[in-house]
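To start, the structure under review is shown below, and the notes come after it.
The values are calculated or read from the model by the stated rules, or taken from the named source; none is laboratory data. This one's a predicted model, so the numbers in the text were calculated from it and none came from an experiment. Positions of Cβ are generated from backbone atoms using ideal geometry, with glycine treated the same way; all protein chains shown enter the neighbour counts.
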């Protein structure tokens, strides 16, 4: 059979590779900045766009979507062409995908520091950017499937299975999480509220980790590891089990982020069960990767690419064992809201995602520029610096997590809480210092890699169109019976649809009862909609990222009730009915500061004013940044009517036509707070943003307190 000549497109791989390096350095630098802010808040410069609450979403989005996203696209475009023995379906679509994705990243880098956010972790981007993401993702899918359909290889290799599952599942996750009602060109509210919004958020949030940070990277592992080791994958059948079990089980596990919360117990239990089951396929994939290196350990000692891959796969195994263990209720009672979770996440982020991204860059660049790597020694030094950085980052945070949980839960012999919350914060500052040193070492390693790749590129000659040849794909007419999975591997559309069905089952089983059976979300008659001023204040709270450090979910533990709702009239632990008007929910996922679910009425208005102006004046030793701009900035009341109309559309029971008189009520309540502040010798404009924020904070928990009394 005559071979067909064609050319692989390396230009698009180069572009995504450059973007990976640039945005990786930016994302890591921002991460280091926010890590230092935790113990040295003055580094925020008292400037709104550079506070922790605004930079932390920038860091997470930059690492997830800019660094790992671009690395995944670079690896997919490189490997897919070679696995399919075909150039990408459309060069034009490749470049639309590239520039569209980079514009989305730039838009995120502009909007997030400006406080334009949805307030949902890993899904903070405003609705116009969400629309752009969906369009660019479709373009990527068309280009990928077009390439697969015109392939010259009969069977789809395991890496392509993971690419297909990634594409369809991320599309599903993004669309459902982006169900929101805009009230302006930059603002919107999610259509879900309270418990339902929490379930959707962590169905999305957990599976964003699963299907954006795990499945595509597993696909890259299955391609680049055997290539670098010059060994076949250890087990084809284990690959099949790994793939299908992983994509089916992963989608159920989201509720383990909401244990002991107001989410119905049956949903929490489902999350736990499927999380534990995830250990089997995850470790199957890890072992499949490590066993691929059997007989190649001498090469591992010499090749920096394999060094990075071994640690990356090991970190994948560690994270996918620890994650299910953290879903056990007895363990979660200790770890949740603490820095233990941050350590766990960064073992995956720094070790699994970061090291595998470094490995494929070290693999691809010398081959695309047809020259050896400039310095193996420099790459090896990068490896050790990065490894030490991961250890110095994670170990102190594990220590901090145990320390937090221990101090939070201790009582005196008389039955009183032994430690104030602020004591726990100050006790773990040394761990935060050590964490930032680890992050700095990791960043220095990435800079070393950048220099190494630059020198490699400078001495080589780029192969823009890499020549290749292969026989055309011929339809099999032999009628020979094949292994069942080999049949599926010839049918990419079938593989796509089976993947969609499997990932949809878990979400539907968890969401439909939560949304349609009212007894799952019992209401509380005393809980009323937010007043216009409180609604505006709540949006400021979301804008400033307060939910990143403060929870609003008192779990049914003795220590939490004693700390946050100690009096009989405080309402006790949090109930589902408290959150029915919360678009979005604000339960939080970490307590750098105390829980605020029952904060309303705990302190006078003047305390909150002074606390925002200078936290340390009211709470000596506080690590909260100053929010001085809230005092000077005027509240934008032109959006009030639109926000009320949006909330009414979402089912919040405001009176008919209330949007027309909402600002009048807003002014009346604001004047009352300004008068209260004046009594304590604080002069401030009733229309300042600080007044609206105080109104919201003073509302928290008051409806439930009124019932308890």
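Do you know which residues across the range 516-541 are surrounded by 15 or more Cβ atoms within 10 Å (Cβ to Cβ) and at pLDDT below 85?
Passing the criteria: 520, 521.
Residues are listed down the side, and each one gets a yes or a no for (1) in contact (Cβ under 8 Å) with a residue 60 or more places away in the chain; (2) within 28 Å of residue 358 (Cα to Cα):
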| residue | (1), (2) |
| --- | --- |
| 397 | no, yes |
| 406 | no, no |
| 411 | yes, no |
| 443 | yes, yes |
| 448 | yes, yes |
| 471 | yes, no |
| 474 | yes, no |
| 486 | yes, no |
| 494 | no, no |
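Please specify each residue of the range 483-506 satisfying the condition of being over 25 Å from residue 4 (Cβ atoms) and in a loop (DSSP other than H, G, I, E, B).
The answer is 483, and nothing else.
Does residue 156 satisfy the condition of being surrounded by fewer than 20 Cβ atoms within 10 Å (Cβ to Cβ), in the same structural domain as residue 217 (by TED's automatic domain parsing) and touching a residue at least 40 places away in the same chain (Cβ under 8 Å)?
Criteria not met by residue 156.
For residue 572, state whether it is assigned to a loop (DSSP other than H, G, I, E, B), over 25 Å from residue 644 (Cα atoms), touching a helix residue (DSSP H, G or I) at 6+ places or on another chain (Cβ under 9 Å) and not assigned by TED's automatic domain parsing to the domain that holds residue 118.
So residue 572 fits the description; yes.
Looking at (1) surrounded by fewer than 22 Cβ atoms within 10 Å (Cβ to Cβ); (2) within 30 Å of residue 464 (Cβ to Cβ), can you tell me which one residue 362 breaks?
Only one criterion is unmet by residue 362, namely (1).
One line per residue, one yes/no per condition, for (1) touching a helix residue (DSSP H, G or I) at 6+ places or on another chain (Cβ under 7 Å); (2) at negative phi; (3) buried (at least 19 other Cβ atoms within 10 Å of the Cβ):
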| site | (1), (2), (3) |
| --- | --- |
| 4 | no, yes, no |
| 11 | no, yes, no |
| 15 | yes, yes, yes |
| 18 | no, yes, no |
| 22 | no, yes, no |
| 25 | yes, yes, no |
| 35 | yes, yes, yes |
| 40 | no, yes, no |
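Looking only at the range 63-73, decide whether some residue is in a loop (DSSP other than H, G, I, E, B), in the same structural domain as residue 443 (by TED's automatic domain parsing) and surrounded by fewer than 23 Cβ atoms within 10 Å (Cβ to Cβ).
no
Using the structure shown, decide if residue 323 is part of a helix (DSSP H, G or I), outside the structural domain of residue 586 (by TED's automatic domain parsing) and touching a helix residue (DSSP H, G or I) at 6+ places or on another chain (Cβ under 6 Å).
Details: part of a helix (DSSP H, G or I): yes; outside the structural domain of residue 586 (by TED's automatic domain parsing): yes; touching a helix residue (DSSP H, G or I) at 6+ places or on another chain (Cβ under 6 Å): no.
So residue 323 does not fit the description; no.
Tell me which of these residue 659 doesn't satisfy, since it passes every other one: (1) at negative phi; (2) surrounded by fewer than 19 Cβ atoms within 10 Å (Cβ to Cβ).
Only one criterion in (1) at negative phi; (2) surrounded by fewer than 19 Cβ atoms within 10 Å (Cβ to Cβ) is unmet by residue 659, namely (2).
Filter the range 180-198 down to the residues that are in a loop (DSSP other than H, G, I, E, B) and over 15 Å from residue 582 (Cα atoms) and list them by number.
183, 184, 185, 186, 187
Checking the conditions here, which among 222, 189, 183, 250 is more than 25 Å from residue 557 (Cα to Cα) and in contact with a strand residue (DSSP E or B) (Cβ under 6 Å, 6 or more places away or on another chain)?
189
Quick check: anything in the range 107-122 surrounded by 23 or more Cβ atoms within 10 Å (Cβ to Cβ), in the same structural domain as residue 444 (by TED's automatic domain parsing), touching a helix residue (DSSP H, G or I) at 6+ places or on another chain (Cβ under 9 Å) and not in a loop (DSSP other than H, G, I, E, B)?
Within the range 107-122, one or more residues are surrounded by 23 or more Cβ atoms within 10 Å (Cβ to Cβ), in the same structural domain as residue 444 (by TED's automatic domain parsing), touching a helix residue (DSSP H, G or I) at 6+ places or on another chain (Cβ under 9 Å) and not in a loop (DSSP other than H, G, I, E, B).
So that you can scan it fast, the table gives a plain yes or no per residue for (1) surrounded by fewer than 17 Cβ atoms within 10 Å (Cβ to Cβ); (2) at pLDDT below 95; (3) assigned by TED's automatic domain parsing to the domain that holds residue 295; (4) within 16 Å of the chain's Cα centre (by Cα):
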| residue | (1), (2), (3), (4) |
| --- | --- |
| 135 | yes, no, yes, no |
| 148 | no, no, yes, no |
| 160 | no, no, yes, no |
| 198 | no, no, yes, yes |
| 208 | no, yes, yes, yes |
| 218 | no, no, yes, no |
| 221 | no, no, yes, no |
| 226 | no, no, yes, no |
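Return yes when residue 89 is assigned to a loop (DSSP other than H, G, I, E, B) and either in contact (Cβ under 8 Å) with a residue 60 or more places away in the chain or under 30 Å from residue 465 (Cα atoms) (or both) and no when it is not.
It is true that residue 89 is assigned to a loop (DSSP other than H, G, I, E, B) and either in contact (Cβ under 8 Å) with a residue 60 or more places away in the chain or under 30 Å from residue 465 (Cα atoms) (or both).
Hey, any hits in the range 671-689 for a residue that's assigned to a loop (DSSP other than H, G, I, E, B) and under 32 Å from the mean Cα position of the chain (by Cα)?
no
Check the range 99-108 and report whether any residue there is under 16 Å from the mean Cα position of the chain (by Cα) and either over 23 Å from residue 186 (Cβ atoms) or at pLDDT 95 or above (or both).
yes
(1) under 30 Å from residue 472 (Cα atoms); (2) assigned to a helix (DSSP H, G or I); (3) touching a residue at least 40 places away in the same chain (Cβ under 8 Å): which one isn't true of residue 141, the others all being true?
Residue 141 satisfies every listed condition except (3).
Go through (1) in contact with a strand residue (DSSP E or B) (Cβ under 8 Å, 6 or more places away or on another chain); (2) assigned to a helix (DSSP H, G or I) one by one and return the number of the condition residue 512 breaks.
Going through (1) in contact with a strand residue (DSSP E or B) (Cβ under 8 Å, 6 or more places away or on another chain); (2) assigned to a helix (DSSP H, G or I) one by one, residue 512 breaks only (1).
What single numbered condition from (1) surrounded by 14 or more Cβ atoms within 10 Å (Cβ to Cβ); (2) assigned by TED's automatic domain parsing to the domain that holds residue 241; (3) modelled with pLDDT of 95 or more fails to hold for residue 506?
The failed condition is (3).
Go through (1) modelled with pLDDT of 95 or more; (2) surrounded by fewer than 22 Cβ atoms within 10 Å (Cβ to Cβ) one by one and return the number of the condition residue 307 breaks.
(2)
Could you identify the single residue in 596, 630 that is crowded, with 20+ Cβ neighbours inside 10 Å and farther than 22 Å from residue 188 by Cα?
Step by step, each of 596, 630 is checked, and only 596 is crowded, with 20+ Cβ neighbours inside 10 Å and farther than 22 Å from residue 188 by Cα.
Which is touching a helix residue (DSSP H, G or I) at 6+ places or on another chain (Cβ under 7 Å), in contact (Cβ under 8 Å) with a residue 60 or more places away in the chain and under 22 Å from residue 117 (Cβ atoms), of 652, 628, 580?
628
Inspect all residues belonging to the range 329-347 and state whether any of them is under 22 Å from the mean Cα position of the chain (by Cα), in a helix (DSSP H, G or I) and within 28 Å of residue 455 (Cβ to Cβ).
Checking the range 329-347: not a single residue is under 22 Å from the mean Cα position of the chain (by Cα), in a helix (DSSP H, G or I) and within 28 Å of residue 455 (Cβ to Cβ).
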